[in-house]
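To start, the structure under review is shown below, and the notes come after it.
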Amino acid sequence: MRLDLEKEVDRLSLDYERVIKSIDREAADQTSRAYGGVVRAVKGQWVEDLTERLIELAWDRLEADRSRLEVNPQRHRIPMESGYLEKLDDETRAHILASDEEYTYPANVDKQICVDGKFVMGIECKSYTENAMLKRILVDFTLLKFAFPKLRCHLFQLESQLGGDYSAHNEITYGSKSTLTLMSHFPDVDLKIFTFLKGERKVDRPIHKPEFFKPLEKGRVLQAIDILADDMAQYAAP
């Protein structure tokens, strides 16, 4: 099993190199979309595709039945917090209560892992993350935790722009002052942040340019599988 896993990881690393090195040419050839939009879309989609494949590999490593696993983009209708109505004026509260429409907010994240039909883990996938984007991620997970209190929460990013040591690939990640401060205000979300590429993202050194290309290390991909397998292990037993 380990040998097959390593072969699959080698294939993913080669696919990463092929996709990233072709972005510059693909974006330049586009006439209907802006260059930057193509770059963001291709990188973002690749991270999502990679993450879904790693979920499958982690599940297979646990020797669990693949038919029990589902990865979907379903939106979840988060209901209005009941205590909120008490804060409203009488006329507005009466208007809401008299409405036939349900007051909900549609929430989801990029990869939603369901086992036996139960939503157990969410993963947000980004080509890079900075703290303004992290605020939105934390809000989305907070809403989902309202409906799924035991939900496990992850952020998988190709590069990091969060500061600190999120891209240092040290044995222990200490984070950054600004990111940890943000996360402290969302205590219900135990967000695990994983960065695939080493070194902080530099706006003027894009990795799709040949001179700034960063390889995807096989060990880092295997580490992501380990993290997923550890979190999914409790759901693998029938």
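The values are calculated or read from the model by the stated rules, or taken from the named source; none is laboratory data. All figures in this text were calculated on a predicted structure; none of them were measured in a lab. All Cβ positions, even for glycine, are placed from backbone atoms using ideal geometry, and neighbour counts span all protein chains on display. Each accessible area value is taken on the protein alone, full model and side chains, heavy atoms only, with ligands, DNA and RNA left out. Shrake-Rupley method; radii C 1.70, N 1.55, O 1.52, S 1.80 Å.
Count Lys and Arg as plus one, Asp and Glu as minus one, and take only other residues whose Cβ is under 12 Å from that of Trp59; the net charge is then -3.
A cut-off of 5 Å between modelled amide H atoms, ignoring neighbours fewer than 5 places along the same chain, links Lys192 with Cys153, His154, Leu155. The angle separating the long axis of helix 2-29 from the principal Cα axis of greatest extent in the chain is about 90 degrees. Counting only DSSP beta bridges with both residues in the chain, the antiparallel share comes to about 50 percent. Relative to the longest principal axis of the chain, what angle (0 to 90°, nearest 10) does the C-alpha long axis of helix 131-147 take? That works out to roughly 50 degrees. The angle separating the long axis of helix 35-61 from the principal Cα axis of greatest extent in the chain is about 90 degrees. With a cut-off of 19 Å on the backbone N, the residues of segment 189-211 near the modelled label site 7 Å out from Ala34 along Cα-Cβ are 203-208.
Residue separation of Gln234 and Lys135 scaled by 0.36 nm, minus their Cα-Cα distance, works out to 32.7 nm of gained length. Filter the cross-link list Lys177/Lys209; Lys7/Lys43; Lys111/Lys198; Lys7/Lys150 down to pairs whose alpha-carbon distance in this structure exceeds 32 Å. As for pairs spanning more than 32 Å Cα to Cα, those are Lys7/Lys150. Would you work out if segment 107-210 is rounded, prolate or oblate? Take a ≥ b ≥ c from the square roots of the eigenvalues of the alpha-carbon gyration tensor; rounded if a/c is under 1.5, else prolate when a/b is larger than b/c, oblate otherwise. Prolate. Note that segment 108-118 has calculated 3J(HN,Hα) couplings of 7, 10, 4, 10, 10, 8, 10, 10, 6, x, 9 Hz, one per residue in order, obtained from phi through the Karplus relation 6.51 cos²θ - 1.76 cosθ + 1.60 (θ = phi - 60°); glycine and proline are x.
Rounded if a/c is under 1.5, else prolate if a/b is larger than b/c, else oblate: which is segment 182-238, with a ≥ b ≥ c the root eigenvalues of its Cα gyration tensor? In terms of gyration-tensor shape, oblate. Scanning residues 5 or more positions from Ile78 or on other chains, those with amide H under 5 Å from its amide H are Tyr105, Ala107, with H placed 1.01 Å from N in the peptide plane. With the convex hull constructed from alpha-carbon coordinates only, the chain shows a mean projected area of 16.7 nm² over all directions. A simple rule links phi to the HN-Hα coupling: the Karplus curve 6.51 cos²θ - 1.76 cosθ + 1.60 with θ = phi - 60°, which for segment 180-193 gives 5, 5, 4, 5, 5, 8, 10, x, 7, 9, 8, 7, 9, 9 Hz, with x for Gly and Pro.
Helix content alone sets the calculated 222 nm mean residue ellipticity of the chain: runs of n ≥ 4 DSSP H residues at -39500 (n - 2.57) each, divided across all residues, give -15500 deg cm²/dmol.
Taking all protein chains as shown and a probe of 1.4 angstrom, Leu14 keeps an accessible surface of around 120 Å². When restricted to Cα atoms, segment 128-181 yields an Rg and a Dmax of 12.2, 34 Å, respectively.
Here's the picture: charge each Lys and Arg Cβ at +1 and each Asp and Glu Cβ at -1 in the chain, and of Leu54, Thr104, Val189 the one pushed furthest to the positive end of that dipole is Leu54. In a fully extended conformation the segment linking Lys192 and Glu63 would gain 44.0 nm over its present Cα-Cα distance, using 0.36 nm per residue.
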